[in-house]
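The values are calculated or read from the model by the stated rules, or taken from the named source; none is laboratory data. Just so it is clear, the structure is predicted and the values come from calculations on it, not from any experiment. Positions of Cβ are backbone-derived with ideal geometry, glycine not excepted, and every protein chain shown enters the neighbour counts. Just so you know, the surface numbers come from the protein's heavy atoms only, side chains and all, with ligands and any DNA or RNA stripped out. Shrake-Rupley method; radii C 1.70, N 1.55, O 1.52, S 1.80 Å.
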Amino acid sequence: MSSNSIALRLSGMFTLVALLVFLLIGWALYQQVDKGLGLLPEAELDARYSVLESTVGRYGTPEHWVKINNKLKLLGEEDKRIRFWIVSGDPRYEYGNPTPQIRAFAEGSLGMRDMLLPGQPYPLKVLVSEFPAKDQRPPLRFMIAIDTETFHQTQHQLLIALIALAIIGVLMASALGYWVARIGLKPLIKLSHEAQRLAPPLRSGRLRLSPLPPELDQFVNAFNSTLERVEQAYSRLESFNADVAHELRSPLTNLIGQTQVALTRGRSAEHYFEVLQSNLEELERLRSIINDMLFLASADQGSKATKLTSTSLADEVATTLEYLDFILEDARVEVQVSGDARVRIEIAHLRRALINLLSNAVQHTEPGQVIEVRIDAGEHQVSIAVANPGSPIASEHLPRLFERFYRVDASRSNRGNNHGLGLAIVKAIALMHGGDVFVRSDHGMNTFGIHLPV
């Protein structure tokens, strides 16, 4: 039997096996991802509602209601998929200009439902809740909706990608089977034995076999290059795992400990409610850490800001302060803003950086003191500096304050929702816009800021 016929026969068997494997794995993967995507809209709505529930239910006067409307407007502008409606007997307490269809939908049952608006191909996933009357405010129905078009498109794209990958994989398997059969089994067996001696602790090991057929020699060179990249990635992954494990351990320990204590004996409904409330806070912290790490991972891959818009920095600072109004009020600190400049920037990223800088300043500012925000325009760059009065920071710590998870000491350690990634995200956003960050500690003021190119 000729070598060509053996190569073709092996190639055909590789093709059949690869086709079966790709079909099974692709079907299982699609089922799992499709199930997960179906739960994402509800999970996101629940998360949004948990944040807004106390804010909406707390106030019942028209003066406070204006702030709530502004906050809902800001949230809607930040994420165009999210929509809000408030239906009430008093027009002053309504939001979103509810149409007759919206009003009729709001009068239905509470909970999670689907609503199809005219002219839209996909339904909205809507969470309907009810708030009782408070002070001057009558009872109202609060609706938060998310557009499911993105999730349906993702499902469609996933199916296309799996089919394309299956076809490409089958073709590659067929070609590889033919290639392996052509070069012979003896050098391949030697190469396999050499590769089997490589283990994760021996990351510096490389394949060293000679002489080899030209095809396998190319493979060895490519494999060794891959090992070098894997070694570098492995080192980064070790550091990443250590940081993430350190940050996730505390909330997970709290969750497990509180739950175990609650289960030791019978408790009242109020106690279980308090435990669940505390667990929810820890889960929110875990989600925040994961989202921030995903954002930083994207930035590490070289992502750049693309949706640039010319905007006034003073206006964006004012908008951010309005968003943080309740936090500033609770902390009993004031913010003074000076200067202005116009730059081209991705507004959502800028607001996120400003929120992190201001939140960091508020956290380390005593009640009754003033935070200063200074905007300085130069010939080639614009700087936004957020300065707060506080204890001086040693000079050896200043260059590392924007590193993820870096801590100076216990007084500046992670507390509450702060998990050591806020300033790292600020630096990532600055780099995505071609800028940089800076920090100073002098004359009783600690200043953190970013430089943006003009």
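Values computed for the structure shown
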{"item": "For peptides 315-324, 220-229, sequence by mean Cβ density within 10 Å, most packed first", "result": "315-324, 220-229"}
{"item": "Approximate spin-label separation residue 97-residue 223, in nm, with each point projected 7 Å along Cα-to-Cβ", "result": "6.6 nm"}
{"item": "Equivalent ellipsoid semi-axes, the range 307-453, via Cα gyration tensor eigenvalues times 5, rooted, Å", "result": "23, 18, 15"}
{"item": "Solvent exposure ordering (accessible area, 1.4 Å, most first) of 152, 443", "result": "443, 152"}
{"item": "Computed accessible area, residue 35, all protein chains, 1.4 angstrom probe, square angstrom", "result": "140 Å²"}
{"item": "Cα-only radius of gyration and Dmax that characterise the range 22-170, units Å", "result": "19.2, 68"}
{"item": "Per-residue HN-Hα couplings for the range 40-48 [Karplus 6.51, -1.76, 1.60; θ = phi - 60°; Hz; x = Gly/Pro]", "result": "4, x, 5, 5, 5, 5, 4, 5, 5"}
{"item": "Unsatisfied cross-links (Cα-Cα over 19 Å) in the set 67/427; 80/307; 73/134", "result": "67/427; 73/134"}
{"item": "Label-to-label distance, nm, for residues given as residue 291 and residue 380 (7 Å Cα→Cβ offset)", "result": "3.7 nm"}
{"item": "At R0 = 35 Å, FRET efficiency that the Cβ-Cβ distance of residue 175 and residue 155 yields, to 0.05", "result": "0.70"}
{"item": "The range 374-405 and the range 266-288: distance between their alpha carbon centers, rounded to Å", "result": "36 Å"}
{"item": "Linear extension gain, residue 276 paired with residue 28, 0.36 nm per residue minus alpha-carbon span", "result": "85.9 nm"}
{"item": "Residue-by-residue Karplus 3J(HN,Hα) for the range 18-27, coefficients 6.51, -1.76, 1.60, Hz, glycine and proline x", "result": "4, 4, 5, 5, 5, 5, 5, 5, x, 5"}
